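Remarks on the structure that follows.
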Amino acid sequence: RSEGLIKVTDTLRQSNSGILSKLNETIFGMVKHLEAYQGAIYLLKEEPGQQVMELTAYFAARKQENTSVRYGEGLVGEAWRKKESILLKDIQIPPQYGKVAAGLGYNLPKSLLIMPIMIEEVVLGIVEVASLRDVEEHEVE
């Protein structure tokens, strides 16, 4: 079952630029809705011998050198493993986590939302949004 879903996400990734445009519109809409400053969408990808989440679309975030995350690795991998959203606030955000660019400087985010994109019980992707304000639980729903 998950093999078929991986093919779907691969097709989304490889399809014409219209799909990537839609993903970029989606992350922009989420960032705007949450009054956040940056966001990213990772999609499930099959690599030799393993599955990874690959950075596919992002808004106002610097593209990293390593654009794929393994199962259970870091906060994105942990949300994938648990199949649950993670909402971190202020002091919970690891200091090594990327800073948010705002105006002329960079700050650690006040809130970090990492949310799985699921069909039934299979995680197809992860959405990550960083904000310089507190994101409340009711906004996540």
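Take R81: with every protein chain present and a 1.4 Å probe, its accessible area is about 110 Å². Each residue was assigned an accessible area with a 1.4 Å probe, and for L87 the value is about 40 Å². Taking every protein chain into account, the 1.4 Å probe leaves K45 with about 50 Å² of accessible area, to the nearest ten.
The values are calculated or read from the model by the stated rules, or taken from the named source; none is laboratory data. Values in this document were obtained by computation on a predicted structure and should not be read as measured data. Each accessible area value is taken on the protein alone, full model and side chains, heavy atoms only, with ligands, DNA and RNA left out. Shrake-Rupley method; radii C 1.70, N 1.55, O 1.52, S 1.80 Å.
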